[in-house]
Structures are given as C-alpha cells and as structure tokens.
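The values are calculated or read from the model by the stated rules, or taken from the named source; none is laboratory data. All figures in this text were calculated on a predicted structure; none of them were measured in a lab. In this analysis, Cβ positions are derived from the backbone assuming ideal geometry, glycine residues included, and neighbour counts consider all displayed protein chains. For accessibility, only protein heavy atoms count, side chains too; no ligands or nucleic acids. Shrake-Rupley method; radii C 1.70, N 1.55, O 1.52, S 1.80 Å.
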Amino acid sequence: MRTLTAPMSRPERPIPATPASSEAAEAVRSEVMAVRRVSSAALLGDADRLIIEHQGRDYMLRRTANGKLILTA
C-alpha cells in the first residue's frame with residue numbers, strides 16, 4: 001500500500017493514500033468518475049451571460065467584470 005507523509009509541522013506518521021477496504025476504494029473511484037468538469041469558457045464562450053434551463057426554470061449564469069461567476073434564478 002502506498003502511503004503519504006504528513007507535513008513537517010506535525011509528527012511524521014504514514015497516512016493511507018487509499019480507503020481501507022477495496023469496496024470503499026471502488027466507491028471513491030466511481031464517485032470521482034461520475035463528476036463531469038466543464039470550463040466556464042466552454043459554457044460562456046465570448047458572451048458574459050448564459051441562460052440555463054433546469055426543471056422548467058431559467059437561471060442566468062453571468063461573468064462579472066472581476067471574472068467571478070454568479071448564478072441567479
């Protein structure tokens with residue numbers, strides 16, 4: 001089993017890199033694989049606003065002048 005070492009400020013002790021059981025490890029892998037990542041650039045393109053329809057409602061995703069994202073109903 002691969003282990004990671006804790007930061008130097010703490011007493012050194014091995015930390016397991018994977019969950020204890022193979023079932024738990026598989027559950028973690030499945031959860032990570034199920035999450036989809038999409039860049040904001042792919043969603044917005046050159047626009048600063050995007051309407052997302054979810055369960056019959058429209059939500060506005062917009063990029064602010066400071067580059068932050070705001071989602072409003």
Scan the stretch 27-39 and report the pairs whose first residue is of a type in the set (Lys, Arg) and whose second residue is open to solvent by less than 80 Å² (accessible area, probe 1.4 Å), with Cβ atoms within less than 9 Å and a gap of 6+ or a chain change. none
Residue list for the stretch 48-73, filter: open to solvent by 80 Å² or more (accessible area, probe 1.4 Å), touching a strand residue (DSSP E or B) at 6+ places or on another chain (Cβ under 9 Å) and assigned to a loop (DSSP other than H, G, I, E, B): Asp48, Ala73
Got a number for residues in the stretch 15-46 being surrounded by 10 or more Cβ atoms within 10 Å (Cβ to Cβ) and either at pLDDT 75 or above or in a helix (DSSP H, G or I) (or both)? 9
